[in-house]
Amino acid sequence: MLSKKRLLLTAALLTAVLLPLASEDSPAVRIAVQSVVKAGPPRFLDRQVLLSYYPADQRVRVRLVGARFEHEDYQVFHPYFKNENGVFVLPLDVPEGLKTLTYRISVDGVWTHDLANPSSIEDEYGVLFSTFSLEGRPARLLTSPEILPDGQVTFRYRGRPGRFVSLIGDFNSWDPYWEPMAEDPAGQGLYEVTVRLSPGPHYYVFCVDGDRVPDARNVERAQDYRGLAVSTLVLPAQGGGEPSAAASAPKAGAKKTR
């Protein structure tokens with residue numbers, strides 16, 4: 001079985017299908033991949049799997065990193081892209097029903113297993129293939145804001161682990177200490193908080209170590225009186241219909257934008 005994989009991989013080197021860089025990802029994914037500061041084992045990024053690479057010798061200038069996967073018969077070359085921290089990253093869509101991701105990576109044309117991933121299998125020729133179990137894959141993409149059946153609202157922010165993140169808005173006088181957001185115990189940089197809000201339009205941002213950050217998962221925006229972007233939400237009265245993320249009557253000098 002593994003010898004067949006090796007033959008397929010060798011043939012794929014001669015018949016490459018090069019995919020474009022991942023430029024169509026959501027704002028939340030773009031923020032997450034730009035926040036990676038060092039290479040690590042594969043991890044889930046919502047429904048995607050995030051792969052990363054950074055050269056062990058920082059004096060070596062790496063130009064192109066990519067990967068091929070068993071479930072595609074190693075026919076498709078997926079290029080990583082270099083984020084603002086100099087780390088090569090690949091947010092990968094994986095098909096439903098796949099149990100294990102098996103792959104090899106290429107660094108400037110040299111094929112190898114993923115050195116940042118401790119999980120691998122070896123074929124009869126001694127070639128290592130990296131693996132990543134897809135058990136525990138999140139059931140769906142994260143949403144924010146999410147209106148719960150009881151009328152409360154959950155807000156989510158994903159960024160670097162270990163930061164102080166809070167929810168600030170017109171409902172708490174923009175106080176950065178009123179609604180701190182708890183980080184996921186797994187330490188994946190996911191923060192969330194659930195609050196009860198009054199029906200009507202609301203304006204908010206996340207406060208991340210003192211910096212104001214609009215909600216990347218909410219496309220509806222407005223501007224406050226200083227011209228700074230804020231996220232918007234209209235919460236209906238309970239039983240009053242579907243919630244909306246768009247605020248129709250900005251308050252406190254805010255004006256709506258898209």
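The values are calculated or read from the model by the stated rules, or taken from the named source; none is laboratory data. Predicted model only: the values in this text are computed from it and were never measured. Don't worry about glycine lacking a Cβ; one is built from the backbone with ideal geometry, like all the others, and counts go over all protein chains shown.
Numbers below:
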{"read-out": "Residues being aliphatic (A, V, I, L, M) and either crowded, with 17+ Cβ neighbours inside 10 Å or in the same structural domain as ARG221 (by TED's automatic domain parsing) (or both) - total across the range 114-124", "value": "1"}
{"read-out": "Filter result (over 21 Å from the mean Cα position of the chain (by Cα) and either outside the structural domain of SER231 (by TED's automatic domain parsing) or not charged (D, E, K, R) (or both)) within the range 167-193", "value": "ILE168, GLY169, PHE171, ASN172, SER173, TRP174, PRO176, TYR177, TRP178, PRO180"}
{"read-out": "Filter result (in a strand (DSSP E or B) and in contact (Cβ under 8 Å) with a residue 24 or more places away in the chain) within the range 129-164", "value": "PHE129, SER130, THR131, PHE132, SER133, ILE147, VAL153, THR154, PHE155, ARG156, TYR157, ARG158"}
{"read-out": "Positions within the range 125-181 being surrounded by 15 or more Cβ atoms within 10 Å (Cβ to Cβ), of a type in the set (Gly, Ala, Ser) and at pLDDT 95 or above, in sequence order", "value": "SER130, SER166, GLY169"}
{"read-out": "Qualifying residue in the range 18-26 (condition: at pLDDT below 55, assigned by TED's automatic domain parsing to the domain that holds LEU101, outside any loop (DSSP other than H, G, I, E, B) and of a type in the set (A, V, I, L, M, F, W, C))", "value": "yes"}
